[in-house]
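The values are calculated or read from the model by the stated rules, or taken from the named source; none is laboratory data. Here the structure is a predicted model, which is why all the values come from computation and not from measurement. Because the Cβ atoms are built from the backbone with ideal geometry, glycine has one as well, and the counts that use them run over all protein chains shown.
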Amino acid sequence: MLDTMHLYRLGRVSWQESQLAYHALAHLGREGLVLCSPERPYVSVGYSQDPAQELDLAYCAEAGLPVFRREVGGGAVYLDRHQLFWQVVLKRNHPLVSLNRQRFYNRLLAPVVAAYQDLGAPARVAPVNDVAVGGRRIAGTGAGEIGDSVAFVGNLMRRFDCAAMARVLRAPDEAFRRCFHGHMESQLTSLRRELGAKREAALDDEALYDCLAARFAEVLGPLEKRTVDDELRSAMERLGRRLLSPEWTYRRRKPRPHRKVKVRAGLFLHHWKGQSPEGHLEAQFTSQDHKVVELRLQGEAVDLQRLESRLLAEFMGRDARSLQKRLSSLAARAKAA
Amino acid sequence: MEISGYNFPEELFYDPEHYWVRVEGDELVMGMDDFAQKLAGDIVFVQLPDEGKKLKKGKKLAKVESGKWLGKILSPVNGELIAVNEELEISPELINQDCYGAGWMYRLKAKDLSELDDLLHGAEAITPWVEAEIAKHATEG
């Protein structure tokens, strides 16, 4: 028999609160489910990401988009009020928490899948931890061990602004950004897309929260409504001083030659930058289920087209990691020369 | 030694959180064991704290990310961090490729080497522990 779990149905909150509430619960070791959405758009990056390498920070500043680095894994994401956040905080020793991450995700994503189905979108879990409808991603998620707790967070996507997402991302050139945007438009979906604009607009946020809460209660046990109390409020303020500081947010990381941006489970856009024996070389390629499906080269090689044709012939449809190895070996040869 | 498809070198010490420890003189080398790296999938990030960091047994040493799960690495002993595997900054996948070799993570100096007695060591201790872990985590359900 599971203990009663607390439900924090916060509704529309400041962008800071939309992140700090679950971080604070986790640090306090208090289990609960938080449901909320941010009153203004912002960008969140994963714990291990360097915002300067992942985002177009100049654009974010110009557009007035705050950046938050969360204590949860995953990649950069554009967030706004059309996404209803669900954030589950469990103790590390909770029976649902397993070293078998797939099992954990399957159990904790079941309520989200069921909620989408209740609303008319035939969703399913797309391993590792996406939710998809007809092969298109409809929710991104992330998990992290915070304090003695585990936080698992994601969203119910009413609408998703693919153009805004593509714009905030740092891109080596406009072709990369266009390619990413195109993949996002074709590979992502939302309640608006699945149900139609009229039906989606008719859905009330409160009804969607009801649906999520009911479905999560089936997995987490009975949910008891709570409000943000003094202990939680002061933990959020304390944490905010750290997690909203530039030192935390913009922590630098050594640049890596290979960058991978996720579009949906199994579909990634890659960018590799380095030296070839003939000079600077950049490769942009797309992998689907680990296989190379697109490749484009740029750089100073005398016969760039020939090199591109050769790599295409050799690696198209083959494991993306073998292409990465080949590019690394070109860089190693250049270094040796 | 192999236990149901997982490699567990018998000479190493194992933390129940699935990190291995090897004694090299008066220093310790640690990394993630084969069971954990297989269950984790592709490792995409390993935090490499500054050398000299004071370590408290059972407390956070660093963080590691795989399959969008950001997990904690707990220190197996009290002591100090004396070196990190810098290669993991660029190539965290070394843990998946060679978890007991090129994918080592940290070099530590233990305050008291007798703390190793708290870890699992020898076939008699390792085998039942790994079998129980497989039953608990590695089966479908």
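Points to keep in mind about this one:
- Yes/no for A:Q83 being surrounded by 20 or more Cβ atoms within 10 Å (Cβ to Cβ) and away from chain B (no Cβ under 13 Å): yes
- Sole residue being crowded, with 22+ Cβ neighbours inside 10 Å, closer than 18 Å to A:R193 by Cα, modelled with pLDDT of 95 or more and of a type in the set (D, E, K, R), chosen from A:R137, A:R124: A:R137
- Residue match in segment A:247-260 (condition: surrounded by fewer than 19 Cβ atoms within 10 Å (Cβ to Cβ), acidic (D, E) and modelled with pLDDT under 95): no
- Of all residues assigned to segment A:41-49, at least one qualifies as being more than 14 Å from chain B (Cβ to nearest Cβ), closer than 24 Å to A:D204 by Cβ and either in contact (Cβ under 8 Å) with a residue 12 or more places away in the chain or surrounded by fewer than 22 Cβ atoms within 10 Å (Cβ to Cβ) (or both).
- Criterion violated by A:Y116 - all others in (1) under 17 Å from A:R159 (Cα atoms); (2) within 14 Å of chain B (Cβ to nearest Cβ) satisfied: (2)
- Counted as qualifying within segment A:226-337 are the strands (runs of 3 or more DSSP E) with 2 or more residues that are in contact with a Leu (Cβ under 8 Å, 6 or more places away or on another chain) and free of Cβ contacts under 8 Å to residues at least 60 places away in the same chain, namely A:267-276, A:279-288, A:291-299.
- Criterion: within 14 Å of chain B (Cβ to nearest Cβ), crowded, with 22+ Cβ neighbours inside 10 Å, touching a strand residue (DSSP E or B) at 6+ places or on another chain (Cβ under 6 Å) and at pLDDT 95 or above - qualifying residue of A:V88, A:V77: A:V88
- Criterion violated by A:L99 - all others in (1) hydrophobic (A, V, I, L, M, F, W, C); (2) surrounded by fewer than 22 Cβ atoms within 10 Å (Cβ to Cβ); (3) touching a residue at least 24 places away in the same chain (Cβ under 8 Å) satisfied: (3)
- Test for B:E10: is it on the phi < 0 side of the Ramachandran plot, without any contact (Cβ under 8 Å) to a residue 60 or more places away in the chain and not small (G, A, S): no
- Subset of segment B:83-110 that is loosely packed, with under 14 Cβ neighbours inside 10 Å and part of a loop (DSSP other than H, G, I, E, B) - its residue that is nearest to the other protein chains (Cβ to nearest Cβ): B:E86
- Among residues of segment A:297-325, those that are surrounded by fewer than 15 Cβ atoms within 10 Å (Cβ to Cβ) and not hydroxyl-bearing (S, T, Y), counted: 14
- Qualifying residue in segment B:100-107 (condition: aromatic (F, W, Y), in contact with a strand residue (DSSP E or B) (Cβ under 9 Å, 6 or more places away or on another chain) and over 22 Å from B:F45 (Cβ atoms)): no
- In segment A:88-109, the residues that are outside any loop (DSSP other than H, G, I, E, B), of a type outside the set (S, T, Y) and either over 19 Å from A:C36 (Cα atoms) or touching a Leu at 6+ places or on another chain (Cβ under 7 Å) (or both): A:V88, A:V89, A:L90, A:K91, A:R101, A:Q102, A:R103, A:F104, A:N106, A:R107, A:L108
- Qualifying residue in segment B:120-141 (condition: part of a loop (DSSP other than H, G, I, E, B) and under 19 Å from A:R256 (Cβ atoms)): no
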